[in-house]
Amino acid sequence: MSGGGDARQAIRKLAPGRLVIASHNKGKVRELTALLAPYGVEPVSAADLDLPEPVETGTTFFANAELKARSAADLSGLPSLADDSGLCVDALNGDPGVYTADWAEAPSGRDWALAMRKVEDALQAKGPGTARDAHFVCVLALAWPDGHVEWFEGRAEGSLTWPPRGTVGFGYDPVFVPHGRSETYAELDPEEKHAISHRADAFAQLVAAVF
Ligand code: IMP
């Protein structure tokens with residue numbers, strides 16, 4: 001799906017030149033840089049520009065993606081691309097969802113092993129035989145310094161496995177097995193993940209619209 005759901009004007013094209021990747025998450029920056037490689041834009045990360053990481057006060061993926069993209073575009077004067085994403089577990093009523101990163105908060109910083117364990121504990125607390133279906137959502141927001149924003153939503157269906165497997169990728173990759181595969185995201189080559197992931201799904205829509 002693309003768009004915020006309201007009546008839309010024609011989608012704006014993205015001109016060649018610098019594009020801020022409005023994220024401090026190295027895994028997302030790496031994946032978005034790879035996805036952008038064929039399209040003649042020069043990606044520069046928010047960290048490279050010393051941009052602050054805005055507090056994610058939104059309650060939807062759309063709101064948080066827009067907030068991050070707008071903040072970077074306002075501060076840099078450049079078009080900026082932000083990703084808000086998360087893992088939604090059916091048996092947990094869609095949790096951790098928009099709070100996926102928060103489930104990793106620990107006194108020493110973000111701890112993804114802890115986050116994956118929390119999800120597993122919550123699933124096991126539901127009892128034996130609980131369905132392990134889950135999906136990742138990714139909303140990409142592309143904001144221009146004049147305030148214009150475009151949104152694109154991608155999704156990847158799968159199920160959760162335990163214990164975690166694989167060393168590639170980031171976040172919850174070691175427990176997510178996408179539909180049609182037996183490996184977790186963290187066991188796939190990056191190119192294979194890029195062919196099927198929620199981020200790649202959103203990105204394909206962005207490419208069709210703005211390039
Ligand atoms: P946020 O978009 O900054 O709120 O963070 C979303 C969180 O979802 C990330 O920090 C990751 O933990 C998780 N996440 C999003 N996309 C992926 C992915 O492709 N693989 C694994 N975890 C992901």
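When Ala208 is tested against (1) aliphatic (A, V, I, L, M); (2) closer than 21 Å to Tyr99 by Cα; (3) in a helix (DSSP H, G or I), exactly one condition is not met: (2). Note on the range 24-59: residues that are acidic (Asp, Glu) and either part of a helix (DSSP H, G or I) or within 12 Å of the ligand (Cβ to nearest atom) (or both) total 3. Tell me whether the range 39-54 contains one or more residues that are within 23 Å of Arg155 (Cβ to Cβ), within 15 Å of the chain's Cα centre (by Cα) and surrounded by 14 or more Cβ atoms within 10 Å (Cβ to Cβ). Looking through the range 39-54, none of the residues is within 23 Å of Arg155 (Cβ to Cβ), within 15 Å of the chain's Cα centre (by Cα) and surrounded by 14 or more Cβ atoms within 10 Å (Cβ to Cβ). The number of residues in the range 60-94 that are away from the ligand (no atom under 12 Å from the Cβ), over 12 Å from the mean Cα position of the chain (by Cα) and not in a helix (DSSP H, G or I) comes to 7. Please verify whether Ala122 is surrounded by 13 or more Cβ atoms within 10 Å (Cβ to Cβ) and outside any loop (DSSP other than H, G, I, E, B), treating the condition exactly as stated. Against the criterion (surrounded by 13 or more Cβ atoms within 10 Å (Cβ to Cβ) and outside any loop (DSSP other than H, G, I, E, B)), Ala122 qualifies.
Could you check the range 149-188 and list, in sequence order, the residues that are in a loop (DSSP other than H, G, I, E, B), open to solvent by 40 Å² or more (accessible area, probe 1.4 Å) and in contact (Cβ under 8 Å) with a residue 60 or more places away in the chain? Across the range 149-188, the qualifying residue is only Phe170. Residues of the range 108-119 that are open to solvent by 40 Å² or more (accessible area, probe 1.4 Å) and at pLDDT below 95: Ser108, Arg110.
Pick from the range 14-23 the residues that are of a type outside the set (A, V, I, L, M) and either open to solvent by less than 50 Å² (accessible area, probe 1.4 Å) or closer than 16 Å to Ala73 by Cβ (or both): which of them is nearest to the ligand (Cβ to nearest atom)? Don't jump to the end; show me each part of the working.
Within the range 14-23, the subset of a type outside the set (A, V, I, L, M) is 16-18, 23.
If we keep only those that are either open to solvent by less than 50 Å² (accessible area, probe 1.4 Å) or closer than 16 Å to Ala73 by Cβ (or both) as well, we get 17-18, 23.
Numbers: Gly17: 25, Arg18: 22, Ser23: 7 Å.
So, considering only residues that are of a type outside the set (A, V, I, L, M) and either open to solvent by less than 50 Å² (accessible area, probe 1.4 Å) or closer than 16 Å to Ala73 by Cβ (or both), the one nearest to the ligand (Cβ to nearest atom) is Ser23.
Among the residues making up the range 82-96, those that are without any contact (Cβ under 8 Å) to a residue 40 or more places away in the chain and either out of contact with any helix residue (DSSP H, G or I) (no Cβ under 6 Å at 6 or more places or on another chain) or open to solvent by less than 10 Å² (accessible area, probe 1.4 Å) (or both) are Asn93, Gly94, Asp95, Pro96. Among the candidates Ala204, Ala141, which residue alone is open to solvent by less than 10 Å² (accessible area, probe 1.4 Å) and either at pLDDT 95 or above or out of contact with any Ser or Thr (no Cβ under 6 Å at 6 or more places or on another chain) (or both)? Testing whether each residue is open to solvent by less than 10 Å² (accessible area, probe 1.4 Å) and either at pLDDT 95 or above or out of contact with any Ser or Thr (no Cβ under 6 Å at 6 or more places or on another chain) (or both) leaves just Ala141.
So is Gly77 in contact with a Pro (Cβ under 6 Å, 6 or more places away or on another chain), open to solvent by 20 Å² or more (accessible area, probe 1.4 Å) and not basic (Lys, Arg) or not? Break it down stepwise before answering.
Values: in contact with a Pro (Cβ under 6 Å, 6 or more places away or on another chain): yes; open to solvent by 20 Å² or more (accessible area, probe 1.4 Å): yes; not basic (Lys, Arg): yes.
For Gly77, the condition - in contact with a Pro (Cβ under 6 Å, 6 or more places away or on another chain), open to solvent by 20 Å² or more (accessible area, probe 1.4 Å) and not basic (Lys, Arg) - is met.
Mind listing just one residue for me: the one in the range 95-144 that is within 9 Å of the ligand (Cβ to nearest atom) and small (Gly, Ala, Ser) and, of those, nearest to Glu66 (Cα to Cα)? So that I can check it myself, show each step before the final result.
First, pick out the residues of the range 95-144 that are within 9 Å of the ligand (Cβ to nearest atom): 96, 98-104, 110, 112, 115, 136-139.
From what is left, the residues that are small (Gly, Ala, Ser) are 101, 104, 115.
On the way: Ala101: 17, Ala104: 22, Ala115: 25 Å.
Within the range 95-144, the match that is nearest to Glu66 (Cα to Cα) is Ala101.
In the range 144-154, what count of residues is obtained for those that are charged (D, E, K, R) and either modelled with pLDDT under 95 or more than 10 Å from Leu81 (Cα to Cα) (or both)? Break it down stepwise before answering.
Just the residues of the range 144-154 that are charged (D, E, K, R), to begin with: 146, 150, 153.
Among the residues that remain, those that are also either modelled with pLDDT under 95 or more than 10 Å from Leu81 (Cα to Cα) (or both) are: 146, 153.
Qualifying residue count, the range 144-154: 2.
Within the range 134-146, no residue that is over 19 Å from Pro79 (Cβ atoms) and free of Cβ contacts under 8 Å to residues at least 40 places away in the same chain sits with its Cβ atom under 8 Å from a residue that is assigned to a strand (DSSP E or B) and among the acidic types (Asp, Glu) at 6+ positions apart or across chains.
The values are calculated or read from the model by the stated rules, or taken from the named source; none is laboratory data. This structure is a prediction, so every number in the text was calculated from the model and none was measured. Positions of Cβ are generated from backbone atoms using ideal geometry, with glycine treated the same way; all protein chains shown enter the neighbour counts. Note: accessible area is taken over every heavy atom of the protein model, side chains too, but ligands, DNA and RNA are not part of it. Shrake-Rupley method; radii C 1.70, N 1.55, O 1.52, S 1.80 Å.
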